[in-house]
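*Asks:* Handing you this structure, nothing more for now.
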C-alpha cells in the first residue's frame, strides 16, 4: 500500500461516514462489464462540484488490494445485484490500483518535463517497494516498470486518473507540453495488456486536434452524452426528494434552484439485452433530471437555499467567455437569460479553454462547465436553474449588456406585433432595429435575411428556425416552427424581397404553395412578406426602408 499504488480507503471511508452520503455504488456494476474488454477505457467529464473525485475514491476502494474493501461496500446498493447479472463482488479487491491526481503535478508555472518526471519517480518508488524482487529493465521509465511487473506476475492494473485535464486548465498556452502529455497517456494506456480498466475524470472531455484525438480508445461519458453513466452524473430527482423528506427541506425550492440538467442514457444497442432479442429493436433511452450535488448538500445541511456556485473555487470566470466577440453570442445570452434556448453545434469544439472559432465552441465549453444544460436530441442549450441564472446576472453588468437587454425587449415587441398581425408596427420596429445595427445597408436579399433573423432573435425562446425551407416549387426564406413547449404559438413563414414590392413577397408565398408544406399548421400560420427598399425617399413623413404585410392562413 502506498500513496499512488493501492492507496488506503480513508477518503472513501470519510465519504461514507459523512452526515449526508448519497449512494452511487451501482456505478461500479457498469464498470465491471467493461473491465478487461475493449471498452475498458472510460473518460468521465463533469463540472466541478459534481462528485467526480468521490467516484474515483470509490473505484479505488473497490478494485484495490485493501483488507477492508468488503466491509466498506456491504450495505450499499451495489450488493443488490439483479438476478442473472455478474456478482457485485466479482472484481472486489482483485487488482493493483494506480491512482493519480494530475493537479498534484501539473500546475501553472511548473515545467512540463519536470512535472512528468516527478510523477513517474513517485509512482515508480511505490511500485518498487511493493515488488522488490522484480528485475526492472529501466526503473526510471514508468511504462517499462509497469510492464515488468505485469510480465512477472500476470496481474493487470486498474489505473484511475483524476483531474486528467489539469494541464489544459493550468497551462492553457503550453501546446508543446499538452501534446507531450497526450502522447504519454497514449503510450501508457493504449493497447496495454497490463490495463484492466483505465478510468479518467476531468472537467473537459478529451482534447481534440481537428477531428482526431491521441486518446481515441476512450469512450467519453460527458455532460453532453453521459450514456450508461447518466444517472450517476449528479443527484437524481428521487435522491433529492429523499433528502428533503429526511431533513425537512422544501423540495420545490431546492428543485427551482439546483435542478435542470437533463441527461439521457442513449447507449449503443446491446444484442444480449432481452428487449432487443424479443423485439429486434433497441430500448428507448431513459432520461434523468439531474441536480447540482454540492449545492443540494449545502442547502439540505444549512436550510439556506441560495447560490452556492460562486462559493467554490473560481476555475474560470463566466464573464470571460460570454463577452467573447463572436457574432450573435451576447444577444443569444440575453435569450438564454430570458428562459429561451439556443441551437448549439458541439461537434467543432476542441475540448479546451482556448481554441474557440465560433459561438458554438463557447457554448459547448459552458455546457461542459455546467453553466448550460444540453438536449442531445434537439441540440439546444439553456440555463438549467436559478443558481446558474444568478451567475449569468452577475456576469452581465455594464453598458453593453444594458443595450443588449433593451434589444431583446425590442425583439420581443417585434414578435408581439407579428402575432397581432400589426404589419405597420412590424415595419416600424424593423426600421428601428436596422438603425441600431452597425450595418446600415444591405447589399442583397441574403444580407436582408441575416438582418431579419437578427431582429427576430427573441423567436429562439419560442421557435425552431428553418432557413430556405423546400416547398417543392421553391424555398421559403425563413420559417419559425413553434417548439412543443409553446405549441399554441402560430408558425411564421417569412418571404423577403429586396428593392421590390412587399405584395410580391406574399404572392410568391401563395403561388409556390408554401403553406401546403405546413399543412398541419393551417389555422395557426402567419404568412409574412417583408420588403426592403434601399432608395426609399427621405422627404416623406412616414419614410422607412421596410414594408410588411401579414396574412393568416
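*Asks:* If the requirement is being farther than 18 Å from residue 158 by Cβ, assigned to a loop (DSSP other than H, G, I, E, B) and over 33 Å from the mean Cα position of the chain (by Cα), which of these qualifies: 71, 83?
*Replies:* Among 71, 83, only 83 is farther than 18 Å from residue 158 by Cβ, assigned to a loop (DSSP other than H, G, I, E, B) and over 33 Å from the mean Cα position of the chain (by Cα).
*Asks:* Of the conditions (1) at pLDDT 90 or above; (2) surrounded by 18 or more Cβ atoms within 10 Å (Cβ to Cβ), residue 345 fails just one. Which one is it?
*Replies:* So residue 345 meets the others, but not (2).
*Asks:* Taking the stretch 94-124 as the search range and keeping residues that are in a helix (DSSP H, G or I) and in contact with a strand residue (DSSP E or B) (Cβ under 9 Å, 6 or more places away or on another chain), which one is nearest to residue 59 (Cα to Cα)?
*Replies:* 102
*Asks:* Here is a further query. If I filter the stretch 292-315 down to residues being surrounded by fewer than 15 Cβ atoms within 10 Å (Cβ to Cβ) and modelled with pLDDT under 90, which single residue comes out as farthest from the chain's Cα centre (by Cα)? It would help to see each step written out before you state the result.
*Replies:* Kept after step one, since they are surrounded by fewer than 15 Cβ atoms within 10 Å (Cβ to Cβ), are these residues of the stretch 292-315: 301-304, 306, 310-315.
From what is left, the residues that are modelled with pLDDT under 90 are 310-315.
Numbers: 310: 19, 311: 22, 312: 20, 313: 20, 314: 19, 315: 17 Å.
Going through the qualifying residues, I end up with 311.
*Asks:* One residue is enough: does the stretch 4-20 have a residue meeting the conditions assigned to a helix (DSSP H, G or I), out of contact with any helix residue (DSSP H, G or I) (no Cβ under 9 Å at 6 or more places or on another chain) and either buried (at least 16 other Cβ atoms within 10 Å of the Cβ) or touching a residue at least 40 places away in the same chain (Cβ under 8 Å) (or both)?
*Replies:* no
*Asks:* Is it the case that residue 107 is without any contact (Cβ under 8 Å) to a residue 12 or more places away in the chain and assigned by TED's automatic domain parsing to the domain that holds residue 194? It would help to see each step written out before you state the result.
*Replies:* Values: without any contact (Cβ under 8 Å) to a residue 12 or more places away in the chain: no; assigned by TED's automatic domain parsing to the domain that holds residue 194: yes.
It is false that residue 107 is without any contact (Cβ under 8 Å) to a residue 12 or more places away in the chain and assigned by TED's automatic domain parsing to the domain that holds residue 194.
*Asks:* Among the numbered criteria (1) over 23 Å from residue 56 (Cβ atoms); (2) part of a helix (DSSP H, G or I), which one does residue 145 miss?
*Replies:* In the conditions (1) over 23 Å from residue 56 (Cβ atoms); (2) part of a helix (DSSP H, G or I), residue 145 misses (1) alone.
*Asks:* Among (1) out of contact with any helix residue (DSSP H, G or I) (no Cβ under 7 Å at 6 or more places or on another chain); (2) more than 17 Å from residue 66 (Cα to Cα); (3) assigned to a loop (DSSP other than H, G, I, E, B); (4) in contact (Cβ under 8 Å) with a residue 12 or more places away in the chain, there is one condition residue 25 misses while meeting the rest; what is its number?
*Replies:* (1)
*Asks:* Looking only at the stretch 116-133, decide whether some residue is touching a helix residue (DSSP H, G or I) at 6+ places or on another chain (Cβ under 8 Å) and modelled with pLDDT under 90.
*Replies:* no
*Asks:* Just checking, does the stretch 164-178 include any residue being assigned to a loop (DSSP other than H, G, I, E, B), touching a strand residue (DSSP E or B) at 6+ places or on another chain (Cβ under 8 Å) and either in the same structural domain as residue 59 (by TED's automatic domain parsing) or over 14 Å from residue 115 (Cα atoms) (or both)?
*Replies:* yes
*Asks:* With respect to residue 94, determine if the residue is under 30 Å from residue 24 (Cα atoms) and surrounded by fewer than 19 Cβ atoms within 10 Å (Cβ to Cβ).
*Replies:* yes
*Asks:* Among the listed residues 142, 182, 197, 127, which satisfies the condition of being in the same structural domain as residue 111 (by TED's automatic domain parsing), closer than 20 Å to residue 3 by Cα, surrounded by 17 or more Cβ atoms within 10 Å (Cβ to Cβ) and out of contact with any strand residue (DSSP E or B) (no Cβ under 8 Å at 6 or more places or on another chain)?
*Replies:* After applying the criteria, what remains is 142.
*Asks:* Evaluate the stretch 406-418: report whether one residue or more is farther than 30 Å from residue 285 by Cβ, in the same structural domain as residue 548 (by TED's automatic domain parsing) and part of a loop (DSSP other than H, G, I, E, B).
*Replies:* No, the stretch 406-418 has no match at all.
*Asks:* Hey, any hits in the stretch 29-38 for a residue that's at positive phi and in a loop (DSSP other than H, G, I, E, B)?
*Replies:* Scanning the stretch 29-38, I find at least one residue that is at positive phi and in a loop (DSSP other than H, G, I, E, B), so the answer is yes.
*Asks:* Then there is this: Pairs needed: first member in the stretch 496-524, touching a residue at least 12 places away in the same chain (Cβ under 8 Å) and outside the structural domain of residue 419 (by TED's automatic domain parsing); second member anywhere, surrounded by 12 or more Cβ atoms within 10 Å (Cβ to Cβ) and in a helix (DSSP H, G or I); C-beta distance under 8 Å; at least 6 residues apart or different chains.
*Replies:* Once the first residue is touching a residue at least 12 places away in the same chain (Cβ under 8 Å) and outside the structural domain of residue 419 (by TED's automatic domain parsing) and sits in the stretch 496-524, no partner that is surrounded by 12 or more Cβ atoms within 10 Å (Cβ to Cβ) and in a helix (DSSP H, G or I) comes close enough.
The values are calculated or read from the model by the stated rules, or taken from the named source; none is laboratory data. In this text, all values refer to a predicted model and were calculated from it rather than measured experimentally. Because the Cβ atoms are built from the backbone with ideal geometry, glycine has one as well, and the counts that use them run over all protein chains shown.
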